[in-house]
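Worksheet: one structure, shown below.
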Amino acid sequence: MTSLPFTQVDAFADAPFTGNPAAVMPLDRWLDDATLQAIAQENNLSETAFTVPTPDDPDADYALRWFTPAVEVKLCGHATLASGHVLMGSRTALQFRTRQAGVLTVKRDGDGYALSLPAWTMEPRPLPDFAAGLGGAPVESHWRDGGYSLFLFPDAAAVRALRPDFAVLRALGNIMLIATAPGEDSDIISRVFVPGGGVDEDPVTGSAHCLLTPFWAQRLGKTKLSAVQASARGGHIGCRLEGDRVILTGACRTVIEGQFIL
């Protein structure tokens, strides 16, 4: 029998039961991929983050991987923020080596944290099949290779009113669909759906803001933005565009601590 430490954290959360829950599970060494995926399926959260110390890596403190209940993902912002929250201790910053997103940094930022992620741009592209499954009437659609799509709606009410057909979207593959519009009490509003990756609607999505921040910075003519993700749980994210990096700020709340028994 093996016992693994387990912490569940609400990330980008002003209080417990808001933001996006993530499981953080520090390991001494990597388990096989099938076991990691099975643990994430058992946790049944948007993401489970696994970390392993990297004492021989001069640029990173830990290696980091993320799994939904269905697949390993290329980048996850909220579970990276949660990992920094769990592992920071008395330090002021941590670096995480990832397989496809490079080195990500989490720093203390007042009562919360600042997370540095890559800034990703998109290209306009008609996406009629995805738009039909998403519903509503987007006025623009954009694409980034790797499975990222963005749909611009005329206003926040249109984003809040979406009722996607998840069966249709699931059949189209592991694609992130971002619905966005100008915000009401924030600069931008969004909702994010990844049914092909095992998450019908993600509560608060850091990786989506790698795309949303450059997209809206150009349109609004400013590099510092306030963002609301309008899921049922909801969350607030501070966004800054700094060259080829996006800096996301938010708080974390630990809600469960225990042991995972294999």
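The values are calculated or read from the model by the stated rules, or taken from the named source; none is laboratory data. Bear in mind the structure is a predicted one, so any value in this text is a computation, not a measurement. Cβ coordinates were reconstructed from backbone atoms using ideal geometry, including for glycine residues, and neighbour counts include every protein chain displayed. Heads up: the accessible areas ignore ligands, DNA and RNA and are worked out on the full protein's heavy atoms, side chains in. Shrake-Rupley method; radii C 1.70, N 1.55, O 1.52, S 1.80 Å.
For Phe166, the shell of other residues with beta-carbons less than 15 Å away shows a net charge of -2, using +1 for Lys and Arg and -1 for Asp and Glu.
If you take all other residues with their beta carbon under 12 Å from the beta carbon of Arg240, and give Lys and Arg +1 and Asp and Glu -1, the sum is 0.
Please build a GNM for the chain, connecting alpha carbons under 10 Å apart, and tell me which residue among Ser231, Ser186, Ser116 fluctuates the most. The residue with the greatest mean-square fluctuation here is Ser186. FRET efficiency for the pair Asp200 and Asp28, taken as 1/(1 + (r/R0)^6) with r the Cβ-Cβ distance and R0 = 25 Å, rounds to 0.15.
Taking every DSSP helix (H) stretch of at least 4 residues in the chain, weighting each as -39,500 (n - 2.57) and dividing the sum by the residue count yields a mean residue ellipticity at 222 nm of -5500 deg cm²/dmol. In terms of the Cα gyration tensor, with a ≥ b ≥ c the square roots of its eigenvalues, is region 11-70 rounded because a/c is under 1.5, prolate because a/b exceeds b/c, or oblate? Because a/c hits 1.5 or more and a/b fails to exceed b/c, region 11-70 counts as oblate. The share of accessible area on region 127-262 that comes from carbon and sulfur is 52 percent, using a 1.4 angstrom probe. All distinct Cα pairs of region 222-262 go into the 1/r average, and the inverse of that average, the Kirkwood radius, is 12.9 Å. Quick check: the angle from helix 77-87's long axis to the longest principal axis of the chain, C-alpha only, nearest 10 degrees? Value to nearest ten degrees: 20.
Probe of 1.4 angstrom, ligands and nucleic acids ignored: what's the accessible area per residue over region 141-262, in square angstrom? Accessible area per residue, region 141-262: 41 Å².
Round to the nearest 10 and give me the degree value, 0 to 90, for the angle of helix 208-220's Cα axis relative to the longest principal axis of the chain. Here the helix axis deviates by roughly 40 degrees. Near Pro26, within a Cβ-to-Cβ distance under 14 Å, what is the net charge of the other residues, with Lys and Arg +1 and Asp and Glu -1? Once all neighbours under 14 Å are counted, the net charge is -1. Normalised by 2.2 N^0.38 Å, where N is the number of residues, the C-alpha radius of gyration of region 83-144 stands at 1.70. With the convex hull of its Cα atoms as the shape, region 92-200 has an orientation-averaged projected area of 8.3 nm².
Using the Cβ-Cβ distance between Thr2 and Val139 with R0 set to 41 Å, the FRET efficiency from 1/(1 + (r/R0)^6) comes to roughly 0.20. Can you classify region 155-262 as rounded, prolate or oblate using the Cα gyration tensor, where a ≥ b ≥ c are the square roots of its eigenvalues, rounded means a/c under 1.5, and otherwise it's prolate if a/b beats b/c and oblate if not? Taking the square roots of the gyration eigenvalues as a ≥ b ≥ c, region 155-262 is oblate.
Across Ala208, Ala101, Ala251, mean-square fluctuation computed from a Gaussian network of the chain (C-alpha pairs under 10 Å connected) peaks at Ala101.
Tell me whether region 1-123 comes out rounded, prolate or oblate; compute the Cα gyration tensor, take square roots of the eigenvalues as a ≥ b ≥ c, and use a/c under 1.5 as the rounded threshold. The shape class here is rounded. Between the helical axis of 33-43 and the longest alpha-carbon principal axis of the chain there is an angle of about 70 degrees.
FRET efficiency for the pair Ala38 and Gln259, taken as 1/(1 + (r/R0)^6) with r the Cβ-Cβ distance and R0 = 22 Å, rounds to 0.85.
Between region 191-216 and region 1-33, the C-alpha centres lie 19 angstrom from each other.
Where both partners of a DSSP beta bridge lie in region 185-247, what percent of those bridges are antiparallel, to the nearest 5? Present the calculation step by step, with values, prior to reporting the outcome.
Numbers: 11 of 14 bridges.
Bridges in region 185-247 that DSSP calls antiparallel: roughly 80 percent.
Spin-label model, Ala132 to Ala157: label points 7 Å out along the Cα-to-beta-carbon direction sit 2.8 nm apart.
In terms of the ratio Rg/(2.2 N^0.38 Å) built on C-alpha atoms, what value belongs to the chain?
Scaled against compact globular proteins, the figure is 0.96.
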